[in-house]
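Below is one structure, written out as structure tokens; comments come after it.
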Amino acid sequence: MTEPKTNETFEQKMEKLETIVNQLEQGNVSLEDSMDKFKTGIKLSEELQSTLTNAEHTMAKMMDKDGNEKPFENPSDGSDDNNEDDNNGQQA
């Protein structure tokens, strides 16, 4: 059986994770409860990371003039970093 999907927002999940972290840091919970909270925290962390990755992929797309999605990437991004390194080396 699959896990039920929650309708919690990103912010609600983040708040739950922060609460769990605070409780674990305080150390006022039993070992068994700590283990359960840790597992829940890991699950929330994975869900939040997945949401962020999906949002990043969505934001990294743009539409062409025909209304089709295409990647929003600049092939010259890597070369700019190399030029900065070269310039820094020359200034030293």
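The values are calculated or read from the model by the stated rules, or taken from the named source; none is laboratory data. Since we're looking at a predicted model, the values are computed, not measured. Cβ: placed from backbone, ideal geometry, glycine included. Neighbour counts: every protein chain shown. Each accessible area value is taken on the protein alone, full model and side chains, heavy atoms only, with ligands, DNA and RNA left out. Shrake-Rupley method; radii C 1.70, N 1.55, O 1.52, S 1.80 Å.
Checked against the criterion of being assigned to a loop (DSSP other than H, G, I, E, B), at pLDDT below 70 and not β-branched (Val, Ile, Thr), the stretch 5-15 has at least one qualifying residue. Within the stretch 48-92, being modelled with pLDDT of 75 or more and touching a Lys or Arg at 6+ places or on another chain (Cβ under 6 Å) holds for one residue alone: Leu48. So, of the residues in the stretch 25-66 that are of a type in the set (Gly, Ala, Ser) and closer than 19 Å to Gln12 by Cα, which turns out to be least open to solvent (accessible area, probe 1.4 Å)? Going through the qualifying residues, I end up with Gly41.
Taken together, the residues in the stretch 12-24 that are of a type in the set (Val, Ile, Thr) and loosely packed, with under 11 Cβ neighbours inside 10 Å amount to 0.
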